[in-house]
Structure formats: structure tokens, C-alpha cells
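The values are calculated or read from the model by the stated rules, or taken from the named source; none is laboratory data. The structure presented is a predicted model; accordingly, all values stated were derived computationally and were not measured. FYI the Cβ positions are ideal-geometry reconstructions off the backbone, even for glycines, and counts take in every protein chain you see. To get the accessible areas, we keep the full protein, side chains included, count just its heavy atoms, and leave off ligands, DNA and RNA. Shrake-Rupley method; radii C 1.70, N 1.55, O 1.52, S 1.80 Å.
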Amino acid sequence: MAELATIARPYAEALFHSAQPSDLASWAEQLSELAQVASHPEVISLANNPNLSTEKLVEILLGGLKVKVAKPVENFVTILAQNHRLAAMPEISSQFEALKNAHDGAAEVVITSAFPLGNDELAGLLETLKKRFGGKKLIPSVAVDSELIGGVRVQVGDEVLDTSVKARLAAMQAALSA
């Protein structure tokens, strides 16, 4: 959804640049929770209701949160509601998180394994990946996909390292078919 990403980028950047470095983690958490609430079908329906005022919509949206929202973030949500951009909240949250990680010298890494990884295996893999990606702090997200047959698939940003048996078999099939 490139269009949504294009819409979300200036909002995420504006909020990021208005935050103090000490606020980044807190604001990222608040945006993540706001994204979950804003993507709920009932909230989407309310956001599209012309009979509901912006103030009431923001009140409902913020009322559904577990965390206390900072005043600048609350003002930000009001601006999104006024401009009918609440649908972009999940993408804004994602882009804000990416900006925060870049500021912190960190990167999110999605690790998909054929089998569950133990703590020692995950720590070893993260250490190897840390060297591969220039010593960046890596924030792992681990999933299990038995279709990989064996090995792991790692994604950091737009770079993918696929050492799974499934990928190797596909490469061999392509080589034999050529």
C-alpha cells in the first residue's frame, strides 16, 4: 500500500522531529497502541461517521488506550482526525518506529525459522547478524514456519537472507530447469 505509506511519511516525520530524544520510546509505544485501536473495524466506522464530531472521535480513540497519551501525541491524533487520516495511523506508527530505530542505531529483524529457536540459538544468530549488519542493535521478532523445511529466513529492512532448505531447493530447481 504505497499510497498509505506516502500519506503517513510526512506525519511520522513531523511527529518524530517534534519529539525530544527522551520521548521517542514512550511516543512509539503510544503510537503503537493508537494504531491498534485505530485499525479496529468499529473505530474505522466511527471515523467515517459524519455525525460524530472530531472532539468526540478523539475522546473515544484515546479512551480505548491502556497508556496515558502525551499532550503532543493527543494533539497529533486531533490533527489526524480533522484531516480524516486516522486510517494511516498503523503506517504512521510503523514509520515512526523505523525513524526511532534509525536514531537509536537499531534495526528490526524478522527471523523465520523452520523450528522453534532456543535462547542460545537465537543469541548466537543475533550475534552473527549483528556483525553482518555493522554492529547495529537488533530488535528480533521470531516466527516459526514449518514450510521452510529447515534453516532460517532473516529480514532486516529490505534485505533478506534466506538460508532455508525451501529456498535452496527452489534455487536447485531453477538451476536444473535452465
Which of Ala87, Ala107, Ala123 moves most in a GNM of the chain, Cα contacts under 10 Å?
Ala123
Which FRET efficiency value, to the nearest 0.05, do you get for Ala123 and Ala102 by plugging their Cβ-Cβ distance into 1/(1 + (r/R0)^6) with R0 = 25 Å?
0.55
Which of Thr78, Thr54, Thr128 ends up with the largest GNM mean-square fluctuation for the chain, with Cα atoms connected below 10 Å?
Thr128
Gaussian network model of the chain, Cα within-10 Å springs - most flexible of Pro116, Pro140, Pro90:
Pro116
Could you tally the net charge around Ala25, taking each other residue with its Cβ under 11 Å from the Cβ of Ala25, Lys/Arg +1 and Asp/Glu -1?
-3
So what J values fall out for the range 50-57 if you push phi through Karplus, 6.51 cos²θ - 1.76 cosθ + 1.60 with θ = phi - 60°, rounded to Hz, Gly and Pro as x?
x, 7, 9, 6, 4, 4, 5, 4
Asp162 - accessible surface, heavy atoms, 1.4 Å probe, Å² rounded to 10:
70
For Cα pairs less than 8 Å apart in space and 6+ apart in sequence, what is the mean separation divided by the residue count of the chain, i.e. the relative contact order in percent?
22
Output wanted: per-residue J couplings in Hz (rounded whole) for the range 153-164, from phi through Karplus 6.51 cos²θ - 1.76 cosθ + 1.60, θ = phi - 60°, x for Gly and Pro.
10, 10, 10, 10, x, 9, 9, 10, 10, 10, 10, 6
How much mean residue ellipticity at 222 nm does the chain get from its helices, if each DSSP H run of length 4 or more adds -39500 (n - 2.57) and you divide by all residues, to the nearest 500 deg cm²/dmol?
-18500 deg cm²/dmol
What full-extension length gain, to one decimal in nm, is calculated for Val160 and Ile60 as 0.36 nm per residue of separation minus the Cα-Cα distance?
32.0 nm
In the set (1) -0.69, -1.16; (2) -0.67, -1.06; (3) -0.79, -1.05, which value of log10 I(q)/I(0) by the Debye sum over Cα atoms at q = 0.13, 0.17 Å⁻¹ was calculated from the structure you see?
(3)
